[in-house]
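Each reported figure results from applying straightforward, stated rules to the coordinates on display, with no laboratory input. Owing to the predicted nature of the structure, the values given are computational and were not obtained by experimental measurement. Cβ: placed from backbone, ideal geometry, glycine included. Neighbour counts: every protein chain shown.
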Amino acid sequence: MNDDELFFYKRLLELSNRAYQNNIYTFSDFLSLSQQEVMYQVARDKAFAPISYDLFGGYENCERKMVRFGSEADFGYDVDFPIKCIKVEPLAKKFAKEYTHRDYLGSLMSLGIDRKKFGDIFVDGMDAYIYADESTADYLLENFISVGRNSVKCSYSELPESFKKAALKEATIQVASPRADAVIARVYNLSRKDTLPYFTEKKVSVNGHIVENNDKILSAGDSVSVRGFGKFNIVEECGLSRKGKLNLIVEIFGR
């Protein structure tokens, strides 16, 4: 564990202990996948105070998530995650340009907002939806006024159900085996050799846990994220093809 991971490890312990000792809910910032792996390490070490915790990022399939320490069973009352969804749209769509996830991220960072203060960004044509903590969301309403050459306005919103469904593409793939490298290669049209750096650089996660072993066996119900490509779910195994390959139904998330 490097110095940054150790610092974050201690921060999680602090939040857990504060919630337990003061009987109040505590929340982390938005966690990257590598930070979520540190959180799971704390849990495996049984280092947390004896209190419940859960993760959420705005909706169930978000990659970046907050940790909430405490539950209604612990305290007798419920508190929602302090997360708001901001819709960003051009002031004049007729003359606007479509921008990418990277463009929105760069514009947010140029405002001096720490990456840990906002979560996933979903681009829908000329619009975008950004999950942020409450104070950052309030700040964006007043100060996030441009993306590239587009003048934009922000408002509170929800990620549309239609967008959630549109972002999912179901496909049937055939693989020699359900190994992680084989499945990822097939989903993203790579060679198995090309997938190896993503494992060694800790860019692959399965069900929220970073996976460094490319031969990990995947199964129905697993959710796989590959940084730089996106995320997909394995829905069902459908037997073997005539050539003896395994048929898998997968849901692939658009970015």
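Worth pointing out:
- Selected from ARG64, ARG18, ARG149 as most flexible by GNM, with the chain as the system and alpha-carbon contacts under 10 Å: ARG149
- Residue (of PHE48, GLY106, PHE27) at the positive-pole extreme of the chain, dipole from beta-carbon charges: GLY106
- Cα-centred dipole magnitude for segment 167-253, charges only on beta-carbon of K, R (+1) and D, E (-1), debye, nearest 20: 260 debye
- In the elastic network of the chain, a GNM with C-alpha springs shorter than 10 Å, the most mobile of GLU72, GLU237, GLU14 is GLU72.
- Cα shape, the chain, gyration tensor, a/c 1.5 rule: oblate
- Each Lys and Arg Cβ is given +1 and each Asp and Glu Cβ -1; about its Cα centre, the chain then shows a dipole of about 1040 debye.
- A Cβ-based charge dipole, computed about the Cα centre of segment 24-89 with Lys and Arg at +1 and Asp and Glu at -1, lands at about 160 debye.
- Here segment 167-210 is scanned for amide nitrogen atoms under 14 Å from the site 7 Å beyond the Cα of LYS243 along Cα-to-Cβ, giving 173-177, 186.
- Exposure proxy order (Cβ contacts within 10 Å, fewest to most) of SER107, SER32: SER32, SER107
- Among the listed pairs LYS93/LYS116; LYS93/LYS153; LYS193/LYS231; LYS84/LYS116; LYS203/LYS245, those beyond 22 Å (Cα-Cα): LYS93/LYS116; LYS203/LYS245
- If R0 is taken as 51 Å, the Cβ-Cβ distance between TYR77 and LEU196 corresponds to a FRET efficiency of 0.60.
- Over all other residues within a Cβ to Cβ distance under 13 Å of LEU248, the charged ones net out to -2, with Lys and Arg as +1 and Asp and Glu as -1.
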